[in-house]
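**Student:** Have a look at the structure that comes next, please.
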Amino acid sequence: MKTLVIPLVLLGTIVPAVAPADGPARWLLEGVLGLLVVASVTGWVMSRRVTTEAGRKTVQNMNVRIRAWWFMAALFGLALFIGRIGTTVLSGLISFLALREFITLTPTRPGDHQSLFWVFFVITPLQYYLVAVEWYGLAIIMIPVYAFMFIPIRSALQGDVKQFLERTAKVQWGLMVCVYCVSHAPMLLSLDIPGYGGQNAKLLFWFVLVTQLSDVLQWIWGKSLGKHKIAPQVSPNKTWEGFIGGIASATVIGAALWWATPFTPAQAGAMALVVTLIGFGGGLVMSAIKRDRGVKDYGTVIEGHGGVMDRIDSLCFAAPVFFHLTRYWFTT
Amino acid sequence: MLRWTLVGLSRLVSGARARWVGCEPHPRQRIYFANHTSHLDTLVLWSALPSSLRPLTRPVAARDYWGATAPRRFLAERIFNAVLIDRAPTDPLVNPVAEMLQAMGHRHSLIIFPEGTRNSTPEPGTFKGGLYYLARERSDVELVPVFMENLNRILPKGSFLPVPLLGGVTIGAPIRLDASEEKADFLARARAAVLALHST
C-alpha cells in the first residue's frame, strides 16, 4: 500500500506549489509528475501481479526507487519556488544525510571523534554558508584545501596513529563527495547567465532530472536487454546494453528539454551526454565502495534508513562538472 | 512534553529505531539486557521502545553517575523513571538485586547493562552477576538480549559532543536460565546472545 500512499501525499503537497507557476517551469513539473504517477501505478499493478521470488525482488526494488523519486521531485520541484537560499538549505540537508550514511559505513576510530564533530557541525554548514552568501572563491577551495589540512591536524592532536592516513583519507573523501560535490548543485543558482536571469532553478531541475532519468533508463535497459556486464566485480547490474541505451535515451531527453535551459538543443544534448557519463562513473565508484564494505546499498547499512547516498551517487559526480562547464561556456 | 522532545531528539541524533528480530513489543514483564558503550545507551534504548511500553520500562542506572547532579537526577527519576542503584555498595545491607526486584514489582520491565560500566569497544566485556540473580529470582520474566550498534561512535566514552551517525538497536529472542545452569555459563550465554545480534 505504501507504493500508492506516499506518492498521493506528496502529490497533494506539490500540486498547490505548482499551480501558480507558468511556462517552462510548470511544463517540467507537470511532465515529471505525470511520469511519476504512471510509474507508481505501474509499480503497484506489477506488485500485485508478480509471482516469482526474483520478480518480487525486482518489483520491490523498483517501487523503492519510485518512492525515492517522489521525494526528490518534491524536493527539487520545491526548489523552483523557494528560491536560492531555500534550495541551498535543502541541499545542505541532503549532504548531511548522505555524509551520515557514508561515515556510518566507514570504520573510524575513537581518535576521529573530534574531527567528525567538526566535519558535521562546522565544515558542512560552513560550506553551505559560503554557497548561500555566494563567496565563490572560498566555496571552491575551503574543503579541498583548508578542510584537507585541518582534519588531519585535529586527528593528530588526538594522538591515535593507527591507520592514520587511511582514516583521514576516508573522512576527507566523504566530505568531498557528500558535501563539496553536492554543494555545486545549489551553486548553479548563483550563475549569471545572459538572457536567462532569474531562471536558474529550471537549469538545476533539468540537471537533476537528466541524471536521475539516466539512472532509471540504464536500469530499465539493463533489466530488459542487459547481457554483457561492464564490471561484474563492482556492480553485477551494470551492463553495456543498459549503459548505452540509458545514456543515449537520457541524452535525447535532455536535448528535447532544451527549452528549459539556456542551451540550444545540440548544446543541451552535449551537456546531457557529459553529465550522464560522469554520473555513470559516480555510480560505479560508489558501488565499488559499497562492495568493499560488504553492503549492497547504503540504505541497508542500518535498516529503515533511506539510502540517500544510493540515489544521489551519480548526481554527486556530475554536479561539479556540470557547474564548471556551464560557468565556463555560458556565463559572462 | 520534555519527554517527547527527548525521545524525538534521541531518534534524530542516533537515527536509532528498534529492530525486533527475536520477539515483538509486548507489555509483559521483561528484562532487556544490552551491551554498554555510551552514555546515550539508556536514552536511546528507552526511546526506541514503542510509546506504550516506555512508561512500563524502567532503566537501571548507576547512582554515582545519574544521581550526581540535579539535571541528571531529574532526567533519571522524572523522565525515565529509572532505578538508581549503587554499583559498589558500601553498606552490606544494601542489595542492588533486591532493589531491582522491588522496582519491577509485577508490572514493570527493566533495562539493564550487565557489564556494569561502559566499554570502549563494541564487543561487550564480561557480564556481572546481577542478571543471573534476577533470572533466578524471577523465572517468569523474559530475558531479552539487545545489541546497541554504533552508539560508541556517536558518543564514545570520555566525549561530550555527539556525532550524528546512524545507530541501531537490535532486539533478539528471549533466553531463559536453565534449571541446572551454573552462573558463569549462563552469563557467558547471555553475553553471546547479545553479541549474536551484531550481524543479524
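The values are calculated or read from the model by the stated rules, or taken from the named source; none is laboratory data. As the structure is a prediction and not an experimental result, all values here were calculated from the model. No Cβ is skipped: glycine too gets one built from the backbone with ideal geometry, and neighbour counts run over all protein chains shown.
**Student:** Considering (1) of a type in the set (S, T, N, Q); (2) out of contact with any Leu (no Cβ under 9 Å at 6 or more places or on another chain); (3) under 27 Å from residue B:27 (Cβ atoms), say which one residue B:139 fails and leave the rest.
**Tutor:** Just one mismatch for residue B:139, condition (2).
**Student:** Which condition does residue A:169 not pass, out of (1) assigned to a helix (DSSP H, G or I); (2) touching a residue at least 24 places away in the same chain (Cβ under 8 Å), if it passes all the others?
**Tutor:** (2)
**Student:** Now, a different point. Could you grab me the full set of residues in the range B:44-103 that are modelled with pLDDT of 85 or more, of a type in the set (Gly, Ala, Ser) and under 14 Å from residue B:130 (Cβ atoms)?
**Tutor:** Residues satisfying the conditions are B:61, B:62, B:98, B:103.
**Student:** So, one more: If I filter the range B:78-107 down to residues being among the aliphatic types (A, V, I, L, M) and in a loop (DSSP other than H, G, I, E, B), which single residue comes out as surrounded by the fewest Cβ atoms within 10 Å (Cβ to Cβ)?
**Tutor:** So, considering only residues that are among the aliphatic types (A, V, I, L, M) and in a loop (DSSP other than H, G, I, E, B), the one surrounded by the fewest Cβ atoms within 10 Å (Cβ to Cβ) is B:93.
Residue-by-condition table, conditions (1) without any contact (Cβ under 8 Å) to a residue 60 or more places away in the chain; (2) in a helix (DSSP H, G or I); (3) out of contact with any Cys (no Cβ under 8 Å at 6 or more places or on another chain); (4) more than 14 Å from chain B (Cβ to nearest Cβ):
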site	(1), (2), (3), (4)
A:127	yes, yes, yes, yes
A:148	yes, yes, yes, yes
A:152	yes, yes, yes, yes
A:156	yes, yes, yes, yes
A:188	no, yes, yes, yes
A:194	no, no, yes, yes
A:198	yes, no, yes, yes
A:204	no, yes, yes, yes
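**Student:** Please go through (1) of a type outside the set (A, V, I, L, M, F, W, C); (2) touching a residue at least 40 places away in the same chain (Cβ under 8 Å); (3) within 16 Å of residue B:111 (Cα to Cα) for residue B:22 and return the number of the only condition it doesn't satisfy.
**Tutor:** Every listed condition holds for residue B:22 apart from (3).
**Student:** Output the number of residues of the range B:1-36 satisfying the condition of being at pLDDT below 85 and either part of a loop (DSSP other than H, G, I, E, B) or within 14 Å of chain A (Cβ to nearest Cβ) (or both).
**Tutor:** Of the residues in the range B:1-36, 10 are at pLDDT below 85 and either part of a loop (DSSP other than H, G, I, E, B) or within 14 Å of chain A (Cβ to nearest Cβ) (or both).
**Student:** Then there's this: Would you check which residues across the range B:119-149 are within 14 Å of another protein chain (Cβ to nearest Cβ) and either outside any loop (DSSP other than H, G, I, E, B) or crowded, with 22+ Cβ neighbours inside 10 Å (or both) and list them?
**Tutor:** Answer for the range B:119-149, where residues must be within 14 Å of another protein chain (Cβ to nearest Cβ) and either outside any loop (DSSP other than H, G, I, E, B) or crowded, with 22+ Cβ neighbours inside 10 Å (or both): B:147, B:148, B:149.
**Student:** Now for a different question. State which residue pairs qualify: first residue at the interface with another protein chain (Cβ under 8 Å from one of its Cβ atoms) and inside the range A:89-113, second residue surrounded by 24 or more Cβ atoms within 10 Å (Cβ to Cβ) and among the basic types (Lys, Arg) in any location, beta carbons under 9 Å apart, and separation of 6 or more residues or different chains.
**Tutor:** A:103/B:153; A:104/B:153; A:108/B:153; A:110/B:153; A:113/B:153
**Student:** Let me ask something additional. Looking at the range A:36-56, can you tell me whether even one residue there is in contact (Cβ under 8 Å) with a residue 60 or more places away in the chain and not aromatic (Phe, Trp, Tyr)?
**Tutor:** Taking every residue of the range A:36-56 in turn, none turns out to be in contact (Cβ under 8 Å) with a residue 60 or more places away in the chain and not aromatic (Phe, Trp, Tyr).
**Student:** Select from the range B:163-173 the residues that are more than 8 Å from chain A (Cβ to nearest Cβ) and assigned to a loop (DSSP other than H, G, I, E, B) and write down the one among them that is farthest from residue B:39 (Cα to Cα).
**Tutor:** Applying the filter and picking the extreme gives B:173.
**Student:** Still on this structure: I want to confirm something. Restricting to the range A:215-245 and keeping residues that are over 21 Å from the mean Cα position of the chain (by Cα) and basic (Lys, Arg), which single residue is surrounded by the fewest Cβ atoms within 10 Å (Cβ to Cβ)?
**Tutor:** Ranking the qualifying residues of the range A:215-245, first place goes to A:227.
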